[in-house]
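The values are calculated or read from the model by the stated rules, or taken from the named source; none is laboratory data. Source: prediction; values computed, not measured. Because the Cβ atoms are built from the backbone with ideal geometry, glycine has one as well, and the counts that use them run over all protein chains shown.
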Amino acid sequence: MPSTTHPSSPAVTRALQDAIARYRERNPQSAKLQEAAQSRMPGGNTRTTLFFEPFPLYMASSEGARLRDVDGHEYSDFLGEYTAGLYGHRDSRIQAAVVAAAERGSANGAPGATEGRLAELICHRFENIERIRFCNSGTEANLYALSLARIATGRKKFITFRGGYHGGVFLFKDGGNPMNVPFDFTVLRYNDPEAATQAIAALSNELAAVIVEPMMAAGGAIPATKEFLQTLREETQKTGALLVLDEIVTSRMSSGGLQKIHDVRPDLTTLGKYFGAGFSFGAFGGRSDLLDRFDPRRPDALMHSGTFNNNVFTMSAGVVGLEQIFTPERAEILFHDGERLRSKLDAIVRRLPWAKFTGCGSVMNLHFAEGEITRPEDFAAEPRELMQLFHFDMLESGIYLAGRGQIALSLPMNVDDFDRVERAVKNFVQKREALIVEFFRS
């Protein structure tokens, strides 16, 4: 298929330019706000992922599974705040919990009842999490988990996987990230049990931990195979290394995450995203003997501070979310809704050369790649302009989704939302089929 250096066809370039011109014309207020923001923020941005050329959409309001931008356009929210927006927008139960917390008082500088309740709810749902600690983001959760692994094992080396994303300082795409924490990582191919077995054995008693996503999310919604995850578990146990399962995205899959589906028992699990119900959240948990090192009653206790680790808004909203809304039963329903939708969308795009949807449960991603996709290298030559064209066509159809082609479902979504995204994808296929066929023939 075309490589990343292969020039795009003039027809695709023209179609993309036309789509961008229409986008500019429809969204003058977003353009104005973006320009104003540039005076104090580099590129008018404080969160890299949200930016796309020529400027991102600025949202004015949201409710349920719908968004309204500052120019008055309504969208079905299939971005889902990159899976953090599981509860949708303005859920009355979460709003009531937050208001009640504010009325009781915040920034108290003391423990509160809700943090213990949230810990109990999470540990009950994820049987491999015997103890848990809260923090403020998935990035923090993984930083603490890997730091704990170094201390617990007395070792300094780690294994991770090409294309993986474990937070803003743990990005392993395209040869690494200069912002990464300077830990000693060996980066392997994803879904390659043989290579992992060899690398774990080679590092042996120098290896502190293997960290892995049971589905690469930012890496393209690529699920790990059960064989791959179980191999990591078996081989780390042989060497005394820890297995850290990053379920920051995939904890929403089933009532106990993908570790339950694949019957994998990690030493540590990291969580984030939706547990805070719209507020910042991170957590790391796992075996009692590991987490008990943070017990402040111990003379050798590890330090884990953080002003907002137990902030009352996150804790209160999180409890209501797990108790009343995202119950284990609702988690199973959402998973199967996602499986059905992905199957339908995949069938629609298969008319196009090499187009397919990957994913698991309520998270999925469009790709233009030949053959089966089991790791990021399989779509490394994906034509960027085609994905951009898909993105702008979806926005024009009222579907808000990630520029990389990722879709994440939320709980308020219903059949109308699913029908709407199916129609939008069908329209894209019908409108662009000849153009894309010609592109791959060139």
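Yes or no, residue by residue, for (1) under 21 Å from Lys173 (Cα atoms); (2) surrounded by fewer than 23 Cβ atoms within 10 Å (Cβ to Cβ); (3) acidic (Asp, Glu); (4) outside the structural domain of Gly219 (by TED's automatic domain parsing):
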{"site": "Gly359", "(1), (2), (3), (4)": "yes, no, no, yes"}
{"site": "Arg384", "(1), (2), (3), (4)": "yes, yes, no, yes"}
{"site": "Gln388", "(1), (2), (3), (4)": "yes, yes, no, yes"}
{"site": "Gly403", "(1), (2), (3), (4)": "yes, yes, no, yes"}
{"site": "Ile407", "(1), (2), (3), (4)": "yes, no, no, yes"}
{"site": "Arg423", "(1), (2), (3), (4)": "no, yes, no, yes"}
{"site": "Phe428", "(1), (2), (3), (4)": "no, no, no, yes"}
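Restricting attention to the range 263-290, the residues that are under 13 Å from Leu245 (Cα atoms) and within 19 Å of the chain's Cα centre (by Cα) total 8.
Any idea which of Ile122, Ile159, Ile151 is assigned to a strand (DSSP E or B) and either without any contact (Cβ under 8 Å) to a residue 40 or more places away in the chain or among the β-branched types (Val, Ile, Thr) (or both)?
From the options Ile122, Ile159, Ile151, the qualifying one is Ile159.
Screening Ser254 against (1) surrounded by fewer than 24 Cβ atoms within 10 Å (Cβ to Cβ); (2) assigned to a helix (DSSP H, G or I); (3) of a type in the set (Gly, Ala, Ser) leaves a single unmet condition, (2). The C-beta contact set for the range 426-441 (first residue of a type in the set (D, E, K, R), second residue surrounded by fewer than 17 Cβ atoms within 10 Å (Cβ to Cβ), distance under 8 angstrom, 6+ apart or interchain) comprises Glu433/Arg351; Glu438/Ala11.
Looking across Phe368, Phe313, one residue alone is assigned by TED's automatic domain parsing to the domain that holds Ala402, touching a residue at least 12 places away in the same chain (Cβ under 8 Å) and not polar (S, T, N, Q). It is Phe368. Please indicate, with yes or no, whether at least one residue in the range 207-215 is of a type in the set (D, E, K, R) and either assigned to a helix (DSSP H, G or I) or surrounded by fewer than 18 Cβ atoms within 10 Å (Cβ to Cβ) (or both). The answer is no; no qualifying residue exists.
Number of residues in the range 353-398 that are assigned to a strand (DSSP E or B) and among the polar types (S, T, N, Q) equals 2.
Within the range 180-194, not a single residue is touching an Asp or Glu at 6+ places or on another chain (Cβ under 7 Å), farther than 24 Å from Thr358 by Cα and modelled with pLDDT of 95 or more.
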